[in-house]
Amino acid sequence: MGQMIPLILPLDDPRADLATAGGKGSALAELARAGLPVPAGFHVTTRAYRERSLDGVLAAFRDLGGPVAVRSSATAEDLPGLSFAGQHDTVLGVTEDGLLDAVRRCWDSLHGKRAVAYRERNGVGAAEMAVVVQRMVPAEVSGVLFTADPVSGRAEPVVNAVRGLGEALVGGEADTADLLTAAQKAELTALGRRIEALRGGPVDVEWAWAGGRFHVLQARPITLSRVEWNDTLGGDYLWSNGNVGEAIPEVMTPVTWSLVRVLSNVRIGPHPISGNIGGRFYLNISTYSAVGTVIGKAEQMRKAGEETFGRIPDGVTVPPLPMSRLAIIGAVLRGAGGPIRQQLHYRTRLPRLVRGNPARCAAAHRAIAACDTPAALLRLWHEDVDRLLRFVCPVLDAGARMIAGGPAAVRRALVALVGPQDAATLLTGFHDGTGLASLGPLVGLARLRSGEIDRDTFAREWGHRCADEFEISAPRPAEDPEWITRQLAVVAEPEELLTRQATARAAAWDRLVAAHPGRAAAVRRRLARIGAGARARERARSEMVRAFWVLRAFVLRAGELTATGDAVFFLPIDDVLRVLAGETSVLDRVPAQRAAYERYRALPPYPAVIRGRFDPESWAADPHRRSDLYDATVDVPMPADVTGFPGSAGVVEGTARVLARVADGVALRQGEILVTTVTNIGWTPLFTRAAAVVTDVGAPLSHAAIVARELGIPAVVGCGNATTRIATGDRIVVDGARGTVRKVP
């Protein structure tokens, strides 16, 4: 039998859920645990209501200090479609003498005529009442923020404000004059976006400005018939998906975005480092640029960024963050704890985590399958799966990222030493030894075809890797018995390509030794370190993907046990947990979220670089749109030629095959040149049939460049406009060393 819930709980107590603290109280507890600026306080729980017990209330008040606001928090309150706004009592400015009467008044309001009529009208059954007691905020200005327009559904924030307390505004009795500065509005909007991300959908936020900062008094979900996912509305930033577009190339479901946010929910002040633009994952280059500027490393970070994120098109500027240098430094220092801890975990724990992760994930899969009730699955989340997401995945992610920049400096040094062709050739061979994870499925298929391994072994080793491997709704190869058969039908043997590249690498090495005998030993050591680092980075990435497969299994099981099916894909993970706990009202959000997903999924891939406010649907409807760049502030002419990063050296002429998705790969004929938006490990089997690879999105450290170098086929990556300038059937020449692609007249 579970432990009895106390009569009084601290505001941020993890036990303050809907059944214990009511709708308002559980929402405030969640906000407080997330570090949002919620006034201090405590809960008088539903157990106290049932027992009509006021024990501990005065003692908690004395610890807190007054005066306080005493607010009703019913178990059917502040849920999607059931706000109960104005139906239950709130008492403000309460001192110790009036506290117990204020709590009783909140309890009694559950049975008031208005509340009873509201429940009957909305088909709500029995409810219980908790009470939230919080320190009063001496508001100078207060009001309500809607993170989406409640009338149109557009992702446009709507701010109303009044002087002093906000009760007049809620009651419609006060003038809503413009009382906030532009900077305050930007800060409030950013705060609303954080709450929206936490709650998994649009919210209305009651707030107060006091003592030079905002305080969050309440946050309720808004149920809309149409929703937008658009973080470009939060400010003038430069966004890029040049790196993350490989990992997550398609429109994300809401549950996927909520899980990805756990790994990327970092801010510079109010400014996010990542965002959701029409369902696609982007990084905020303005935040990276700001950090580089204030630490005096702007040029170094720009070069490193190009190697990882891709080149910023000519004529595009990076808008600065509207923060002072000191404010940026302070924000970086305050936010440095997490990354520093991740780095320490990476250095000390990554090897052990990587080794143990397959067994850990296999055990988690078994435990998830064994859960036969929603309560059991919810318990497993809190006891095990949540730790996989919040501890193991960030450490693996840190390991995958922290050694990403090493090859760039070595490549530049090698180019100066031996030229671009030999430099690119020498930076291969990383698959030797323990193997490069990017080539794992390709080599595994070859071993399977030769009879060296069986299908079960392949599924165990590589069955979690695919083109949409971070998307929770996407089936994995190990779940599809026909996946291996389909791949074997299209993949060519990689051994000949790997052997040919090994021969070229040996010849390039001989030329380096002959030209620079005194530097050969140092170069060999650096190449060995780069190779070991690349293998470790790729292995960490593979194990993080394996962990995301566990998260998919959890979400699928939640849909099965709650009989909600694929609706769980259209809820953030916290709402999935609420459904497991019996809070089915959050399912009201699903139709609008599903419609948004289908709407965005029908659009072509967005530009790799976006500046300013971007409307995906308006952009897609423009026949003159650019596929590489969108700049809301200035018209930048589209380049006539197709150029990108040198990905893998070599020159080849051939027939282009433009593919939109990896599922279309059966159309690629042996010896054609693969042209596509972006590639990842799911595309690797097609590389053995391609004479060369050209991508819109990418950089020297991208998947297409790394795998093409290992196989010795030319590649030009990060062109931006290749898929719009080149058509299937065109004769083109790809120069991987120069980074150029030209049509043959």
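The values are calculated or read from the model by the stated rules, or taken from the named source; none is laboratory data. If you're wondering where the values come from, they're calculated on a predicted model, not measured in any experiment. All Cβ positions, even for glycine, are placed from backbone atoms using ideal geometry, and neighbour counts span all protein chains on display.
Would you check if Thr348 is modelled with pLDDT under 90, surrounded by fewer than 19 Cβ atoms within 10 Å (Cβ to Cβ) and hydroxyl-bearing (Ser, Thr, Tyr)? Yes; evaluated as a whole, the condition is true for this residue.
Of the residues making up region 250-308, those that are of a type in the set (Val, Ile, Thr), modelled with pLDDT of 80 or more and in a loop (DSSP other than H, G, I, E, B) are Val251, Thr253, Ile273. Within region 215-243, the residues that satisfy the criterion of being assigned to a strand (DSSP E or B) and closer than 24 Å to Ser618 by Cβ are Asn230, Leu238, Trp239, Ser240. Which residues, counting only those in region 22-62, are surrounded by 15 or more Cβ atoms within 10 Å (Cβ to Cβ), within 16 Å of Trp107 (Cα to Cα) and either touching a His at 6+ places or on another chain (Cβ under 7 Å) or of a type in the set (Ser, Thr, Tyr) (or both)? Of everything in region 22-62, those that are surrounded by 15 or more Cβ atoms within 10 Å (Cβ to Cβ), within 16 Å of Trp107 (Cα to Cα) and either touching a His at 6+ places or on another chain (Cβ under 7 Å) or of a type in the set (Ser, Thr, Tyr) (or both) turn out to be Gly25, Thr45, Thr46, Tyr49.
Restricting the first member to region 718-731 and to residues that are closer than 20 Å to Ala667 by Cα, and the second to residues that are in a loop (DSSP other than H, G, I, E, B), the beta-carbon pairs closer than 6 Å and six or more apart or on different chains are Ala722/Asp696; Thr723/Thr677; Thr723/Asp696; Thr724/Ser627; Arg731/Val744.
The set of residues in region 606-644 that are of a type in the set (Val, Ile, Thr) and over 21 Å from Val251 (Cβ atoms) comprises Thr633, Val634, Val636, Val642, Thr643. Checked against the criterion of being over 30 Å from Ser618 (Cβ atoms) and crowded, with 18+ Cβ neighbours inside 10 Å, region 310-321 contains not a single residue that satisfies it. Within region 128-165, being in contact with a strand residue (DSSP E or B) (Cβ under 9 Å, 6 or more places away or on another chain) and of a type in the set (S, T, N, Q) holds for Gln134, Ser142, Thr147, Asn160.
Being crowded, with 22+ Cβ neighbours inside 10 Å and of a type in the set (Asp, Glu) holds for only one residue in Glu653, Glu672, Glu710, and it is Glu710. Of all residue pairs spaced 6 or more apart or on separate chains, those with beta-carbon atoms under 6 Å, a first member in region 317-337 that is under 9 Å from Val294 (Cβ atoms) and a second member that is modelled with pLDDT of 85 or more and not in a loop (DSSP other than H, G, I, E, B) are Ile328/Ala290. Just one of the numbered conditions (1) in a loop (DSSP other than H, G, I, E, B); (2) within 28 Å of the chain's Cα centre (by Cα) is not true of Ile5: (2).
Sort out for me the helices (runs of 4 or more DSSP H) sitting completely within region 549-622 that have 3 or more residues that are in contact with a strand residue (DSSP E or B) (Cβ under 6 Å, 6 or more places away or on another chain) and buried (at least 24 other Cβ atoms within 10 Å of the Cβ).
Values: elements: 573-580, 590-601, 616-621.
In region 549-622, there are no helices (runs of 4 or more DSSP H) which contain 3 or more residues that are in contact with a strand residue (DSSP E or B) (Cβ under 6 Å, 6 or more places away or on another chain) and buried (at least 24 other Cβ atoms within 10 Å of the Cβ).
Out of Ala508, Ala502, one residue alone is surrounded by fewer than 19 Cβ atoms within 10 Å (Cβ to Cβ), touching a residue at least 40 places away in the same chain (Cβ under 8 Å) and in a helix (DSSP H, G or I). It is Ala502.
Is it the case, given these coordinates, that Ala656 is outside any loop (DSSP other than H, G, I, E, B), among the hydrophobic types (A, V, I, L, M, F, W, C), at pLDDT 95 or above and more than 30 Å from Asp17 (Cα to Cα)? Spell out the reasoning first.
Values: outside any loop (DSSP other than H, G, I, E, B): yes; among the hydrophobic types (A, V, I, L, M, F, W, C): yes; at pLDDT 95 or above: yes; more than 30 Å from Asp17 (Cα to Cα): yes.
Answer is yes for this residue.
Taking first residues from region 375-388 that are on the phi < 0 side of the Ramachandran plot and partners that are surrounded by 13 or more Cβ atoms within 10 Å (Cβ to Cβ) and charged (D, E, K, R), the Cβ contacts under 8 Å between residues at least 6 apart in sequence or on separate chains come to Leu377/Arg557; Leu388/Arg360.
Please verify whether Leu283 is in contact with a Cys (Cβ under 9 Å, 6 or more places away or on another chain) and either over 16 Å from Pro616 (Cα atoms) or surrounded by fewer than 23 Cβ atoms within 10 Å (Cβ to Cβ) (or both), treating the condition exactly as stated. Criteria not met by Leu283.
Could you list, in sequence order, the residues of region 685-704 that are outside any loop (DSSP other than H, G, I, E, B) and within 24 Å of the chain's Cα centre (by Cα)?
Thr695, His703, Ala704, listed by residue number.
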